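Undergrad: For reference, the structure I am asking about is given below.
Just so it is clear, none of the values below were taken in a lab; they were calculated from the coordinates. The structure presented is a predicted model; accordingly, all values stated were derived computationally and were not measured. Note that each Cβ is placed from the backbone with ideal geometry, even for glycine, and that neighbours are counted across all protein chains shown.
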Number of protein chains: 6
Amino acid sequence: MPVIQITMNKGRSVDQKRELVEVLTRETARILQAKEANMRILIYEISDENWANGGKLGVDM
Amino acid sequence: MPVIQITMNKGRSVDQKRELVEVLTRETARILQAKEANMRILIYEISDENWANGGKLGVDM
Amino acid sequence: MPVIQITMNKGRSVDQKRELVEVLTRETARILQAKEANMRILIYEISDENWANGGKLGVDM
Amino acid sequence: MPVIQITMNKGRSVDQKRELVEVLTRETARILQAKEANMRILIYEISDENWANGGKLGVDM
Amino acid sequence: MPVIQITMNKGRSVDQKRELVEVLTRETARILQAKEANMRILIYEISDENWANGGKLGVDM
Amino acid sequence: MPVIQITMNKGRSVDQKRELVEVLTRETARILQAKEANMRILIYEISDENWANGGKLGVDM
């Protein structure tokens, strides 16, 4: 704990993901006074036909 | 807000997804008196070996 | 299947929730050609200090 | 109800998934005194660049 | 990993939850050949007006 | 998009949550080159009898 789940569109590099989990783990642990070692981050990548803002699919934007 | 997450088996067309997010956004906003523009929908597609009803995998039904 | 999860702020009436699950189940089953009886909807109510748009908490809007 | 969601790394066989959903459904229904037929299990498989323990990506372990 | 999320209706005792997480962790680790120490289980309890089967709220069943 | 969901134990102050959503939104937008305005964060607070590490409930640690 805490467990962070990130849902985002596909296409980010491994380097971006590496920086993302490092920074989010460090900052969350600092702010919540949690242990970094206990934190888990899960990333769910979805294509642009699988999300919508305001009723409009990502592929239609 | 609200955020709607839909987990369903693979194989629907983009047209079905387009209608789904339009209708669910409009109806949810109407019933909850929320702003359509603020709504988010996320669709997670999983294969038939990754869900089960009553302890039985989708591939075994 | 499908399973729909809705995260929204607290404060809606049972009547609103009843209409919401009826309409979303019926419309989703119709569009995806799924059986209504197999559908599940889960609602997660969170307070205004537990969600943020654009980095700003709900309580600060 | 209940609905169980499992996020795990890719690579398990259908046989492992079949045993997993059978056992988890049976044990959960027994302990919670729920009906097996009403239970749902959803499995989300993610690659090793999409999860992190303690701020470190799975691909870097 | 894996991370298991359980959504269920309110009202189970701490003893039931204790047995549930012990058994699910042990069985999942055994079947998936994962380390028990790395597993996480998260339980989300919701009231009967916040879930629906087949378009019908739990409070109406 | 992206949508970030955080599950954590209860007891953090509004100030901690405010800092958390500000920092996570800003850092995620920077790293993923996403628009801050489109980001959503949802926080799920659960009590210590509703999560487990390695098969052991939070209340038993």
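Undergrad: Over all residues in E:9-15, what is the mean tally of Cβ atoms on other chains that come within 10 Å of each residue's Cβ?
TA: Average per residue, whole number: 3.
Undergrad: Let me ask you something else. HN-Hα J couplings of segment F:6-20 from phi, Karplus 6.51/-1.76/1.60, θ = phi - 60°, integer Hz, Gly and Pro as x?
TA: 10, 10, 8, 6, 5, x, 7, 7, 4, 4, 5, 5, 4, 5, 4
Undergrad: Once you charge only the Cβ atoms, +1 for Lys and Arg and -1 for Asp and Glu, what is the size of the charge dipole of the protein assembly as shown about its Cα centre, to the nearest 20 debye?
TA: Approximately 0 debye in magnitude.
Undergrad: What size of dipole, in debye to the nearest 20, comes out for segment C:3-53 about its Cα centre when the only charges are +1 on Lys and Arg C-beta atoms and -1 on Asp and Glu C-beta atoms?
TA: Details: 8 positive and 8 negative charges, 50 e Å.
In debye, rounded to 20, segment C:3-53 gives about 240.
Undergrad: Now, a different point. Could you tell me the relative contact order of chain E? Use alpha-carbon pairs under 8 Å, at least six residues apart, and round to a whole percent.
TA: Computed over chain E, the figure is 45 percent.
Undergrad: Also, quick follow-up: Provide the percentage of antiparallel DSSP beta bridges, counting only those with both residues in the protein assembly as shown; round to the nearest 5.
TA: Close to 50 percent.
Undergrad: If you keep only loop residues by DSSP, which trypsin sites (Lys or Arg not before Pro) in chain D have at most 11 other Cβ atoms within 10 Å of their Cβ?
TA: Within chain D, the qualifying trypsin sites (Lys or Arg not before Pro) (loop, at most 11 other Cβ atoms within 10 Å) are D:Lys10, D:Lys35.
Undergrad: Cα centroids of segment E:16-61 and segment A:1-47: how far apart, whole angstrom?
TA: Using only Cα atoms to place each centre, the spacing works out to 23 Å.
Undergrad: On to the next question. Quick one: Kirkwood hydrodynamic radius for chain C, alpha-carbon pairs, angstrom, one decimal?
TA: Its Kirkwood hydrodynamic radius stands at 13.1 Å.
Undergrad: Looking at chain D only, what percent of DSSP beta bridges run antiparallel? Nearest 5 please. Walk me through the intermediate numbers first.
TA: Details: 2 of 9 bridges.
Within chain D, antiparallel bridges account for around 20 percent of the total.
Undergrad: Report, in listed order, any pair from A:Lys35/D:Lys56; A:Lys17/D:Lys56; A:Lys10/F:Lys35; C:Lys56/F:Lys35; A:Lys35/E:Lys17 with a Cα-Cα distance greater than 18 Å.
TA: Beyond 18 Å: A:Lys35/E:Lys17.
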